[in-house]
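Before any comments, here is the structure.
The values are calculated or read from the model by the stated rules, or taken from the named source; none is laboratory data. As the structure is a prediction and not an experimental result, all values here were calculated from the model. Positions of Cβ are backbone-derived with ideal geometry, glycine not excepted, and every protein chain shown enters the neighbour counts. We work out accessible area using only protein heavy atoms, side chains counted, and drop any ligands, DNA or RNA first. Shrake-Rupley method; radii C 1.70, N 1.55, O 1.52, S 1.80 Å.
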Amino acid sequence: MAILVQKFGGTSVANAEKIRRAAGRAIAAAKKGYHVVVVASARGKQTDELIADAMELNPNPPKREMDQLLATGELQTVSLFAMAVEAMGHKAISMTGGQAQMVTDSVHTKARIKSIAGDRIKRELDDGKIVIVAGFQGVDEQNNVTTLGRGGSDTSAVALAAALGAEECEIYTDVDGIYTTDPRIYKKAAKMQQISYDEILELASLGAGVMHSRSIEFGKKYNVKIHVRSSTEDVSGTIITHEVPQMEGILVSGATVQKDLAKITLVGVSNKPGNAAKIFTGMAKAKVVVNDIIQTEVSAEKANVSFTINPTDLHDADAALQPIIKEVGAESMFTRDDIAEVSVVGVGMRTHYGVAEKMFSALANAKINIDAIVTSEIRISCIVDEKQADLALQAVCDAFELDKPADKRSAR
Ligand code: ADP
Ligand code: ASP
Ligand code: MG
């Protein structure tokens, strides 16, 4: 029997009525003949509330305890969900990440999945149950509870779909698909029928919160068909798939803005072999995830090295860099947490020209200063002042006509 994974995000299970509606979807799929595995997130804003509780007691909480705490949000949802399914006349069982045999590494608060043994889940499915698994969490090899990073339930769902060989992974959320940009910031954003793994991976890692970027890595690697859709409306959403030929013609498929970003700059680092390695070995040892790196030579002897990180890692990064500053001969170091990064992404950039010019002109016309620029084969990102972040996104979206579906834009 074919397996279907259905993931419900926080807003889609925020109260009893919504849980009932989600349970109804799972039962409907089971009645169609699927073996159904549900992955659920913590209800509403619960994860935020738990983080606030922790911060009140300890502004730098031990990460293991943080995971132990945050995992409780999802546990509440899955047991309530199972109760709702049973009340509607179908057999159900809820599971923690550990009970679902989701094994991760030990990097608390941003653990990565190492393996999922699906046999326990399969046994329960064969017994006619809908299996409801807590998203966002796993256990390490010592049986410590771990979590996968904010938004990580998407990754639990896609990884489970891969491990179980599911026919499809449905991501039910509060938007009816993936849009050219965040519709909360750019109201005119257009919905996409489909998007390639590469593009959504880039968009997700640049701040498109609609999908957790690790989930797309799993999807691409294991060929999981992912369907992002509305939990309230019965319309088809966006299919994430491998690149198809017509996608090549699209210059820019989407734009993002990432506001929760910090930047560290080491000024006047000695321009010697091994110094960059020292800095980033320090970051790796401190388990700091580095996003973009910008190094510029300022003279034959000196270079400036900047990089962006998650603001929650600023404390660890700063501590790790203190002894390194001297070692690499840096004159000073400064950090900023009032920056934002605006990006445009499109596989068509591989073969088109003029994208950078158009983006920089749009920002200039909106009187937005560009602090730094980062590019890859399929993206251009500009670091701007956080206060101008939304304005910058809107200017860029207008310039690339991201209010229209790709085939209706004047410049493709
Ligand atoms: P869930 O709780 O279901 O996981 P999220 O809040 O994590 O939901 O993701 C859905 C939200 O992602 C939307 O409400 C939307 O504001 C935001 N979002 C950001 N970028 C995009 C995009 N390109 N397309 C659709 N939604 C986006
Ligand atoms: N509850 C977690 C969060 O809010 C995981 C998720 O929703 O995917 O980040
Ligand atoms: Mg999410």
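For the stretch 1-160, the alpha-carbon coordinates run over 48, 33, 19 Å along the three principal axes, in decreasing order. For the stretch 98-180, the Kirkwood estimate of the hydrodynamic radius, built from every pair of different alpha carbons, is 13.5 Å.
Apply the Kirkwood formula to the stretch 78-227: the hydrodynamic radius equals the inverse of the mean of 1/r over all pairs of different alpha-carbon atoms; give it in Å with one decimal.
Computed over Cα pairs of the stretch 78-227, the Kirkwood hydrodynamic radius comes out at 16.3 Å.
In this structure, the amide hydrogen of residue 268, modeled 1.01 Å from its nitrogen in the peptide plane, lies closer than 5 angstrom to those of 303, 304, 305, 331, counting only residues at least 5 positions away or on a different chain.
For the stretch 9-19, putting each phi into the Karplus relation 6.51 cos²θ - 1.76 cosθ + 1.60 with θ = phi - 60° gives couplings of x, x, 5, 7, 9, 5, 9, 4, 4, 5, 5 Hz, in residue order, rounded to whole numbers and with x for Gly and Pro.
For the stretch 225-286, the equivalent ellipsoid derived from the Cα gyration tensor has semi-axes of 42, 18, 13 Å, listed largest first. Just give me a number: lysine pairs in the stretch 259-388, eight or more positions apart or cross-chain, with C-alpha atoms less than 24 Å apart. Lysine pairs meeting both conditions in the stretch 259-388 amount to 24.
Altogether, the Stokes-Einstein calculation at 37 °C and 0.692 mPa s, with the Kirkwood radius of the chain over Cα pairs as Rh, returns a diffusion coefficient of 146 µm²/s. Dipole size of the stretch 296-412 about its Cα centre, with +1 on Lys/Arg Cβ and -1 on Asp/Glu Cβ: approximately 640 debye, rounded to the nearest 20. Between the stretch 338-389 and the stretch 1-70, what's the alpha-carbon centroid distance in Å? Between the Cα centres of the stretch 338-389 and the stretch 1-70 lies a distance of 35 Å.
Place a +1 charge on the Cβ of each Lys and Arg in the chain and a -1 charge on the Cβ of each Asp and Glu, then give the dipole magnitude about the Cα centre in debye, rounded to the nearest 20.
720 debye
Pairs of lysine residues in the stretch 1-159 that meet both criteria, 8 or more places apart or on different chains and Cα atoms under 13 Å apart, total 4. DSSP beta bridges fully contained in the chain are about 60 percent antiparallel. In plain terms, if you count all Cα to Cα distances in the stretch 298-412 and split them into 5 Å steps from zero, the share in each step is 2, 9, 17, 17, 16, 14, 10, 8, 4, 2, 1, 0 percent.
I want the local charge near residue 381. Using Cβ-Cβ distances under 12 Å, sum +1 for each Lys or Arg and -1 for each Asp or Glu among the other residues. Net of charged neighbours comes to -3. Candidate cross-link partners of residue 221 among the aspartates and glutamates, defined by an alpha-carbon separation under 12 Å and a same-chain spacing of 8 or more, comprise 198. Charges on Cβ only, +1 for Lys and Arg, -1 for Asp and Glu, centred on the Cα centroid of the stretch 1-153; of 62, 75, 130, which one is farthest towards the dipole's positive end? Ranked along the dipole, the leading option is 130. Give the dimensionless ratio obtained when the Cα radius of gyration of the stretch 152-272 is divided by 2.2 N^0.38 Å. The value comes to 1.20.
Globularity index of the stretch 202-321 is 1.42 (Cα radius of gyration / 2.2 N^0.38 Å, N = number of residues). If both residues of a DSSP beta bridge must be in the stretch 78-170, then about 55% of such bridges are antiparallel.
Counting each DSSP H run of 4 or more residues in the chain as -39500 (n - 2.57), what helix-only mean residue ellipticity at 222 nm follows after dividing by all residues, to the nearest 500 deg cm²/dmol?
For the chain, the value works out to -10500 deg cm²/dmol.
Comparing 322, 194, 258 in a Gaussian network model of the chain where C-alpha atoms under 10 Å apart are linked, the largest mean-square fluctuation is found at 322.
The spacing between the stretch 223-240 and the stretch 106-130, judged by their C-alpha centroids, is 22 Å.
Of the residues 30, 388, 5, the one whose Cα sits farthest toward the positive end of the charge dipole of the chain, with +1 on the Cβ of Lys and Arg and -1 on the Cβ of Asp and Glu, is 30. Packing, taken as the mean count of other beta carbons within 10 Å per residue, orders the peptides 169-181, 346-358 from highest to lowest as 169-181, 346-358. Here the stretch 37-150 is assigned +1 on the Cβ of each Lys and Arg and -1 on the Cβ of each Asp and Glu. Its dipole about the Cα centre then comes out at about 280 debye.
Looking at the chain, the accessible area is 44 square angstrom per residue; that uses a 1.4 Å probe and ignores ligands, DNA and RNA. The loop-placed trypsin sites (Lys or Arg not before Pro) in the stretch 112-147, going by DSSP, include none that has at most 12 neighbouring Cβ atoms within 10 Å of its Cβ.
Under 15 Å from the Cβ of residue 270, count the other residues' Cβ atoms, weight Lys and Arg +1, Asp and Glu -1, and hand me the total.
Values: positive: 272, 278, 302, 326; negative: 297, 301, 327, 331.
Residues close to residue 270 contribute a combined charge of 0.
Could you give log10 I(q)/I(0) at q = 0.18, 0.22, 0.33 Å⁻¹ for the stretch 184-232, computed by the Debye formula over C-alpha point scatterers of equal weight, without solvent? Relative scattering, expressed as log10 I(q)/I(0), comes to -0.61, -0.88, -1.37. Calculate, in whole percent, how much of the Cα-Cα pair population of the stretch 154-220 lies beyond 17 Å. Within the stretch 154-220, distances greater than 17 Å cover 42 percent of Cα pairs. Name all residues of the stretch 53-79 having a backbone nitrogen under 17 Å from the label point set 7 Å from the Cα of residue 106 along its Cα→Cβ direction, giving them as ranges. The answer is 62-68. Tell me which of 375, 405, 334 sits at the most positive position along the dipole axis of the stretch 297-412, charges placed on C-beta atoms (Lys, Arg +1; Asp, Glu -1). About the Cα centre, the residue reaching furthest to the positive side is 405.
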